[in-house]
């Protein structure tokens, strides 16, 4: 957890304790329900927890803001971000029930009160949110199509409501496939974290 303390020195003792518990919880559940690849489970701090927290370098979610994590899998990036922003409300969803089961077990074990995990697809969501976040779910054009109808009209953050997704690979081609009027910002994660894993990773913001 030294990397997390190095990049986020402002974390409280409670937050660090909660983050420290994540690797053991996921390893325990991964033996029963495979939600993280075997290769990644050995590097879960870097490849899942720290990667999720890259969003906290891009934006500071406000108290009482509502964030939707779309296609969360076992709870990334939503659970680490719910620990980081304890006064922000998170809903995390996935279409695979067994993954949501793991997410709920982890949430309960950590005693997190600001996050709810639900087994559902984006088209079933009736609520509206300040931001939609996700990681390695689908192409950018699909994410925009699924996310934008779920955004609140009222703006309260420093940047307008929108989609923030963690991406790798040829992001320029995905951006090119978007409608021309979409406003996009790319944040290279290597600007924030020095580990080799983040060299070709970025956070992408698309304004709603």
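Is it true that residue 82 is in contact with a helix residue (DSSP H, G or I) (Cβ under 6 Å, 6 or more places away or on another chain), buried (at least 17 other Cβ atoms within 10 Å of the Cβ) and modelled with pLDDT of 95 or more? No: the conditions fail for residue 82. Checking each residue in the range 96-125 for being assigned to a loop (DSSP other than H, G, I, E, B) and at pLDDT below 95 picks out 96, 121.
On the stretch given as the range 79-95, residues that are farther than 13 Å from residue 56 by Cβ and in a strand (DSSP E or B) total 5.
Each residue in the range 170-181 was checked for being out of contact with any helix residue (DSSP H, G or I) (no Cβ under 7 Å at 6 or more places or on another chain) and surrounded by 12 or more Cβ atoms within 10 Å (Cβ to Cβ), and 1 of them qualify.
Tell me yes or no: at least one residue of the range 64-73 is in contact with a helix residue (DSSP H, G or I) (Cβ under 9 Å, 6 or more places away or on another chain), at pLDDT below 95 and either under 20 Å from residue 152 (Cβ atoms) or assigned to a loop (DSSP other than H, G, I, E, B) (or both).
Within the range 64-73, the subset in contact with a helix residue (DSSP H, G or I) (Cβ under 9 Å, 6 or more places away or on another chain) is 67-73.
Now narrow it down to the ones that are at pLDDT below 95: 73.
So of that shortlist, the ones also either under 20 Å from residue 152 (Cβ atoms) or assigned to a loop (DSSP other than H, G, I, E, B) (or both) come out as 73.
Yes - at least one qualifying residue is present in the range 64-73.
How many residues, within the range 126-154, are surrounded by 13 or more Cβ atoms within 10 Å (Cβ to Cβ), modelled with pLDDT of 95 or more and part of a loop (DSSP other than H, G, I, E, B)? Qualifying residue count, the range 126-154: 3. Evaluating residue 39 against the criteria (1) more than 21 Å from residue 97 (Cβ to Cβ); (2) at pLDDT 90 or above leaves one unmet condition, (2). Residue count for the range 1-15, restricted to those that are in contact with a helix residue (DSSP H, G or I) (Cβ under 8 Å, 6 or more places away or on another chain), under 16 Å from residue 86 (Cα atoms) and assigned to a loop (DSSP other than H, G, I, E, B): 2.
In this structure, does residue 167 turn out to be touching a strand residue (DSSP E or B) at 6+ places or on another chain (Cβ under 8 Å), touching a residue at least 40 places away in the same chain (Cβ under 8 Å), closer than 30 Å to residue 5 by Cβ and surrounded by 13 or more Cβ atoms within 10 Å (Cβ to Cβ)? Spell out the reasoning first.
On the way: touching a strand residue (DSSP E or B) at 6+ places or on another chain (Cβ under 8 Å): yes; touching a residue at least 40 places away in the same chain (Cβ under 8 Å): no; closer than 30 Å to residue 5 by Cβ: yes; surrounded by 13 or more Cβ atoms within 10 Å (Cβ to Cβ): yes.
No; evaluated as a whole, the condition is false for this residue.
Filter the range 16-45 down to the residues that are in contact with a helix residue (DSSP H, G or I) (Cβ under 6 Å, 6 or more places away or on another chain), within 23 Å of residue 194 (Cα to Cα) and surrounded by fewer than 17 Cβ atoms within 10 Å (Cβ to Cβ) and list them by number. Hit for the range 16-45 is 40, nothing else. Would you be able to say whether some residue in the range 21-37 is closer than 26 Å to residue 157 by Cα and not in a loop (DSSP other than H, G, I, E, B)? For the range 21-37, residues closer than 26 Å to residue 157 by Cα and not in a loop (DSSP other than H, G, I, E, B): absent.
When restricted to residues that are part of a helix (DSSP H, G or I) and at pLDDT 95 or above, the range 169-196 contains 4.
The values are calculated or read from the model by the stated rules, or taken from the named source; none is laboratory data. Quantities reported herein were computed from a predicted structural model and do not represent experimental measurements. Note: ideal-geometry Cβ built from the backbone for every residue, glycine included; neighbour counts use all protein chains shown.
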